[in-house]
Every structure is written in C-alpha cells, then in structure tokens.
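Inspection log for the structure reproduced underneath, given as structure tokens.
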Amino acid sequence: MTLDNQSVSNPVGRWFRRYILSFLADLRLAIALLLAIALFSISGTIIEQGQSLAFYQANYPENPALFGFLTWKVLLFLGLDHVYRTWWFLSILVLFGSSLTACTFTRQFPALKAARRWNYYKEPRQFQKLALSAELETGSVNSLSQLLQAKRYRVFQEGDSLYARKGIVGRIGPIVVHASMLIILAGSIWGAMTGFMAQEMVPSGKTFHVRNIIDAGPWAKSQVPQDWGIHVNRFWIDYTPEGGIDQFYSDLSVVDNQEQEIDRETIYVNKPLRHQGVTFYQTDWGIAAVQVQLNNSPIFQLPMAKLDIQGNGRIWGTWVPTKPDLSEGASLLAKDLQGTVLVYDAKGKLVSTVRSGMSTQVNGVNLRLKELIGSTGLQIKADPGIPIVYTGFGLLMVGVIMSYVSHSQIWALQKGDRFYVGGRTNRAQVSFEREVIEILDRLHEDKSTPDVPLQEAMQV
C-alpha cells in the first residue's frame, strides 16, 4: 500500500512542482498581475466609488458614451463602481499573493539556504570561476582570517581552506519584501471584506446612528456601531471678508444608547473624529431648517429643502403660511448660513431681505426670522485592514533597505607554496574589488615581501 501511495503521490507532486509552482513563480506572471492591480486601482481612483444609481446615470450616460463605450450600464455590470470589492479584483490579489508565495518558497528560501551553507575550495581551478581571484606566492589562511574578521566577515576555516561571508541580511531582504507585500495584500482584502462607507446629513442638535451605508463588504456588519451614536452639538461656518466659505466645523459628541457622552471632538476638513475604528470626516454642509415667528405666535421651525437651480450655485427654500387656512404664505430663500434670507410673497415678488433677529411685513403679518439651522454632511468610513496595510508598508521599507546590503563571499586555499584567494558579491562590485585588493595588500605587507609581485586575475 505504501508503494502504491508513493507511486501515485510522487508523479502528482512532480506535476504540481513542474507546472503549478513554476507557473505561479514566473516573474512574467507577477509583473502582469502587478500591472493589472495598478490599472484597476487607477480606475477605482478615477471613477467615483459607491455612488447612487442616479449619479452614474447622470455622469456616465449612454449617449454619448465616455470613450465610446463606458456607460453607466457597463460600469455597473463590471463592478467599476466598487472595484476593490469585486470578485475579479480580489481574485487578482489572491493570485498575486500566491505568485509571491511560490516565488518565496521556490527561489528566495533556497537562495538563502545556499548563502548560509559554507563550502571550501580544495582545488586551484575552482578559483578561476570567480569574478575576482588572485594567486599569491605568499600568504596564510590564519593571517587572512584575522584581516577578514577585522572587516566583519564571518570566517569558517578547515585546514588549509577558508571560507568567509558577510551581508547575509541582503539575502533575507527579498524574503522580507515578499512577506511585507503579502501582509499588504492581506490587509487590503480584509479591509475590502469588512469595511464600509456611509454618508449622513445631520442638523445641529440631532443625534444619529450610522444607517445610510452606501458601500460595504460582506462581513462589514460587525464594524457598524450598534451601541453608540453621534450627537451634533453645533455646526457653523467661518466666512472670509469677501463672503466666501473659509472653513466649516462640526462639534460632535460620541454618546452611548443612554445619551451619555463618551468622547467629543470638533472636526473640520482634514481633521476627522475617530472612535473605535470608525472615522467621521467633514465633507459637506446644508441648511436644514429655519425658525420664524408670526406676530406674537410661538417660535416654530420649518424644514428647508435644497432647490435645483441647474448647477448655478446652491440655494435652500421653504414656504411659511401666513393664514391659518394656509390660503396665503411667503417663500423664504437662503444661500448660506450668514443669516441673510430673501422673502417673497405669493406672487413671486421680492418683499424684503432679512437677517437673524430682524422682521418684515408680508401679507399683513409681521414675520420675524429667529435663526437658520445648519446641517453637517459627514462621510463615515471604517477599514479594519488599514493597520495591517501600514504594518506591511513599514516592513516593506525595512526589506528594501536590507536588500541593498551586499552579500559578499571570499574563499582561500593554501596549496604548496601558492596561496589562492577569490571572491564574489551580488552587488556593489567595484567596492568589493577595492575591499579585496586592500585585504591582499595588507596580507602582502604583513609578510614583508615588497619585491614579490601581486598577481591578480580578473574575470567578468
């Protein structure tokens, strides 16, 4: 039974190593996959991700199609509205990770194992294969060993033979680079599967929980906050002297289900609030409502809606009834939170312009504007893969630096009255040659034989 199993498993193993591993470890495949990842990542940057159907229909119409083929139907069919969570993009990442793993185990680990294994040259002809070699009429293994140790080589000696190496970290560097790239890929996949993005427009003074999720991975449910929410204490805008927007701010409190404050932060553009892995960005603003008073009535609050003015700026409006039967009223229009409101009568005639605290007569009623209520536009994101990705990038930089360390090897052999020395390195060839020549000069000087010529045979 054992023989039968071996006869079956060995051909399968050989077939796997010959075809599957060799295919995955092919450098051309890795380059092609890396280019594909870069190309689709660029498309995910250019094409807005996670927007509504109406957005894509408006910006990617069928006639005329962008580039002659890219319409909203094509975009949604290919999943270009959520590139980083499509099955085919994740498949490319997995295949690229498999290629890196195969290359690491079939090339990098064997190269490291070979670099750590020391062997001695026993014949002079072996030195002829080295890029740098010398045949001396004087010298000894012991004196060369001391010189090499002073240069921080690790020396191995057996009789009249010597082997020395340094820079083994340069062989470990590529493995660290591959491992870091695998960590980055794992972080990217984990973030795509468990992350989410949401958008909320919240008036000042309101508390909300994350509900309006526009893009999420299949395992994102555990990341959506359930036991805490956000209370908007206040939203305001700072304006420039010319009337333009300088910055808009949101004073936010993190509250539990009993409305108890847990954390508090004032956010603005490029300064978000972060809590338990969820980040709240200040991205937009609006006018939520207006507070008015008619004659001596109680102050009441009316919602304001954003009006479509064909892309010519932004304006919000509402209608205020001036009679109990709603037969007459006035329209209020505002374009910002500076407090200026335009008042129109039922015929569309401009009656007055008022600011907060001011009043005007319309339809025989005294209308007082108390306050404009702003609303903050928040983008909410959670990506649990970010710490993993950052760790991978940090390790990648370390691995790249390690890879630039030269792995240098030197052999020596005492054969009769001749002393053979040779070496090679995987990078910085000129510096290595200078180092070897300096060692040979020192070796020559220590023997106090200045009249004996130093013969060097250089091979490329």
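Mind telling me which of the residues LYS122, LYS113 ends up being touching a residue at least 12 places away in the same chain (Cβ under 8 Å) and out of contact with any helix residue (DSSP H, G or I) (no Cβ under 8 Å at 6 or more places or on another chain)? Steps first, please.
Working: LYS113 fails: touching a residue at least 12 places away in the same chain (Cβ under 8 Å).
One residue alone meets the criteria, LYS122.
In the stretch 115-158, how many residues are modelled with pLDDT of 85 or more and of a type in the set (Val, Ile, Thr)?
Going through the stretch 115-158 one residue at a time, the tally reaches 2.
In this structure, does ALA164 turn out to be touching a Leu at 6+ places or on another chain (Cβ under 6 Å) and farther than 30 Å from ALA216 by Cβ? If you could, list the steps in order and put the result at the bottom.
Numbers: touching a Leu at 6+ places or on another chain (Cβ under 6 Å): yes; farther than 30 Å from ALA216 by Cβ: yes.
Here the answer is yes, as ALA164 does meet what is asked.
Given the criteria aliphatic (A, V, I, L, M), assigned to a helix (DSSP H, G or I) and crowded, with 18+ Cβ neighbours inside 10 Å, does ILE388 qualify?
On the way: aliphatic (A, V, I, L, M): yes; assigned to a helix (DSSP H, G or I): yes; crowded, with 18+ Cβ neighbours inside 10 Å: yes.
Answer is yes for this residue.
Condition check: loosely packed, with under 12 Cβ neighbours inside 10 Å, under 30 Å from GLY79 (Cα atoms) and in contact with a strand residue (DSSP E or B) (Cβ under 7 Å, 6 or more places away or on another chain). Does VAL224 satisfy that?
Numbers: loosely packed, with under 12 Cβ neighbours inside 10 Å: no; under 30 Å from GLY79 (Cα atoms): yes; in contact with a strand residue (DSSP E or B) (Cβ under 7 Å, 6 or more places away or on another chain): yes.
Here the answer is no, as VAL224 does not meet what is asked.
Quickly run through the stretch 349-366 and pick out the residues that are under 54 Å from the mean Cα position of the chain (by Cα) and closer than 12 Å to ASN295 by Cα.
Step one: filter the stretch 349-366 for residues under 54 Å from the mean Cα position of the chain (by Cα), giving 350, 352-359.
Result: SER359, single match.
Go over the candidates GLY170, GLY205 one by one and state the one that is within 30 Å of LEU252 (Cβ to Cβ) and of a type in the set (Gly, Ala, Ser).
On the way: GLY170 fails: within 30 Å of LEU252 (Cβ to Cβ).
Just one listed residue meets the conditions, GLY205.
Please give the number of the condition ARG125 fails out of (1) over 21 Å from the mean Cα position of the chain (by Cα); (2) assigned to a helix (DSSP H, G or I); (3) among the charged types (D, E, K, R); (4) not assigned by TED's automatic domain parsing to the domain that holds TYR153.
(4)
The values are calculated or read from the model by the stated rules, or taken from the named source; none is laboratory data. Bear in mind that the values here come from a model prediction, so they are computed numbers and not experimental data. Quick reminder, even Gly has a Cβ in these numbers, built from the backbone with ideal geometry, and neighbours come from all protein chains shown.
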